[in-house]
There are 2 protein chains.
Amino acid sequence: MNKSQLVEQIRQKQSYLCVGLDPSLEKIPSHLLKEKDPVFAFNKVIIDETLDFAVAYKPNTAFYEALGPSGWESLEKTLEYLPSSVLKIADAKRGDIGNTSTLYAKAFFETLKADAITVAPYMGKDSVAPFLEFEGKWVILLALTSNTGSLDFQLFQDTSGTQLFEEVLKKSQTWGTVDNLMYVVGATRGEKIADVRKIIPDHFLLVPGVGAQGGSLQDVAKYGMNDNVGLLVNSSRGILYASSGVDFGKAARNEAHKLQEEMEQSLQEYGR
Amino acid sequence: MNKSQLVEQIRQKQSYLCVGLDPSLEKIPSHLLKEKDPVFAFNKVIIDETLDFAVAYKPNTAFYEALGPSGWESLEKTLEYLPSSVLKIADAKRGDIGNTSTLYAKAFFETLKADAITVAPYMGKDSVAPFLEFEGKWVILLALTSNTGSLDFQLFQDTSGTQLFEEVLKKSQTWGTVDNLMYVVGATRGEKIADVRKIIPDHFLLVPGVGAQGGSLQDVAKYGMNDNVGLLVNSSRGILYASSGVDFGKAARNEAHKLQEEMEQSLQEYGR
């Protein structure tokens with residue numbers, strides 16, 4: 001899925017919602033546990049019920065790896081089930097020396113057929129560039145994350161006052177383009193999104209941290225929206241576990257709908 | 001495997017060799033391709049032939065993930081096959097927000113039964129700490145890697161002259177102990193190992209980059225060895241692909257033996 005297709009989907013659905021598909025066996029409704037593949041059964045309902053309101057889905061690989069080879073199969077089935085009208089993001093936070101990153105890229109882009117993968121920047125250009133060589137695929141690079149640990153190194157500051165996350169934004173811009181590179185910028189740092197936009201006005205941002213982690217959607221839209229919207233805002237737990245009963249699908253649908261309505265409003269207010 | 005057991009194995013085998021189990025179907029001897037699980041068949045021979053000379057084995061997860069669910073099974077079998085006398089390192093370079101890192105920890109420490117996992121520091125303390133909560137398991141944190149991209153951010157320097165990799169070493173020390181935390185320090189930066197030792201004199205270092213990547217074992221030993229040896233030096237391609245014929249096992253054994261002899265000499269010269 002390329003950038004103009006993504007923007008078109010956002011305009012059409014009046015939503016820039018990304019649903020985080022992070023199912024854990026302890027939390028999914030117990031009646032699903034008798035299914036052959038409870039994780040996929042859960043994801044399938046969530047996808048069906050939220051598809052009207054979401055433009056992207058983001059399975060975090062940890063939730064699947066924790067289940068061993070069968071988890072990997074659930075992930076494969078989930079990515080296969082997602083329609084081509086949504087952006088399929090593997091939230092894998094990978095990154096390794098060049099030839100190894102190429103293998104990760106093959107694993108996620110070719111074997112699993114994801115459209116995008118999250119990548120950690122610590123190892124630098126040759127750990128990121130191999131992912132950018134795949135035509136029509138996206139790298140979503142960690143810049144400023146939503147957790148408290150983001151304060152440990154991401155705000156590390158050089159003599160000119162540049163912080164590490166800003167250095168990551170500046171340097172990595174030359175590795176890819178607005179058509180194959182996005183950035184993770186956490187919603188819990190609302191005011192920081194304005195700083196981010198000074199460096200990368202045109203790139204898409206994937207924004208976690210709205211909802212359970214406490215970030216404000218209005219702040220994200222106010223500081224982060226650009227001419228092409230430029231935002232994907234993720235919600236996981238708030239949607240997935242809106243109900244723990246047999247009505248979990250409908251409850252998820254309601255939560256996604258609520259977010260979509262908020263997003264529609266923000267598109268009218270801040271969209272250009 | 002705890003620290004004193006590891007040091008004992010090193011003293012006994014007179015070797016601090018870690019064998020990187022990074023098998024790719026394009027490179028393993030073609031006669032293995034008719035096996036039901038060629039990757040495991042390859043690893044099994046490599047392990048059998050090098051076990052006299054190695055104290056640790058390090059499968060890089062990218063090589064297994066690239067093969068889909070069956071690759072994950074090969075990884076599981078490989079870790080199961082390794083004896084408890086060696087340190088089993090999952091080279092996964094994971095790291096995510098707290099609850100997600102806990103899932104990765106479960107995936108690697110409980111499901112796959114690895115002893116250690118490599119972790120990327122970018123997301124800070126709460127992305128690393130969950131791995132450190134597993135009794136008897138190790139985190140191996142990326143500090144200074146062996147690739148050229150390590151220059152992009154790892155040497156980013158603050159006003160007091162501290163570089164990012166040094167900040168990672170300083171801060172993370174308080175998160176774990178010498179008994180559950182090691183660091184990745186690349187051999188291609190031989191002289192830098194002395195700087196690393198000023199900050200963490202007692203921690204074990206996992207050193208990639210000897211061999212194919214051009215690092216010198218003698219420099220690593222000279223600058224990196226401490227009272228408890230404190231080194232694991234990894235070799236992958238040099239051992240795995242010493243021969244592409246049916247004699248690949250014997251060829252791997254010879255390469256591992258050569259490295260062990262070099263290590264034995266360095267233990268006499270620099271060991272205390």
Given the condition crowded, with 22+ Cβ neighbours inside 10 Å, modelled with pLDDT under 95 and out of contact with any strand residue (DSSP E or B) (no Cβ under 6 Å at 6 or more places or on another chain), answer yes or no: does some residue in region B:30-49 qualify?
no
What tally of residues in region B:114-166 results from selecting those that are in a helix (DSSP H, G or I) and either under 25 Å from residue B:72 (Cβ atoms) or more than 10 Å from chain A (Cβ to nearest Cβ) (or both)?
6
For residue A:87, indicate whether it is modelled with pLDDT of 95 or more, crowded, with 24+ Cβ neighbours inside 10 Å and under 23 Å from residue A:56 (Cα atoms).
yes
Could we say that residue B:139 is without any contact (Cβ under 8 Å) to a residue 60 or more places away in the chain, touching a Ser or Thr at 6+ places or on another chain (Cβ under 7 Å) and within 28 Å of residue A:129 (Cα to Cα) here?
no
Exactly one condition in (1) over 17 Å from residue A:18 (Cβ atoms); (2) crowded, with 21+ Cβ neighbours inside 10 Å; (3) of a type in the set (A, V, I, L, M); (4) touching a Lys or Arg at 6+ places or on another chain (Cβ under 8 Å) is not met by residue A:178; state its number.
(2)
Members of region A:149-170 that are crowded, with 23+ Cβ neighbours inside 10 Å and in contact with a strand residue (DSSP E or B) (Cβ under 8 Å, 6 or more places away or on another chain):
A:150, A:154, A:164, A:165, A:168, A:169
For region B:189-235: of the residues being under 15 Å from the mean Cα position of the chain (by Cα) and among the polar types (S, T, N, Q), which is nearest to residue B:8 (Cα to Cα)?
B:234
When you check residue B:49 against the structure, is it touching a residue at least 60 places away in the same chain (Cβ under 8 Å) and more than 18 Å from the chain's Cα centre (by Cα), yes or no?
yes
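The values are calculated or read from the model by the stated rules, or taken from the named source; none is laboratory data. This structure is a prediction, so every number in the text was calculated from the model and none was measured. Note that each Cβ is placed from the backbone with ideal geometry, even for glycine, and that neighbours are counted across all protein chains shown.
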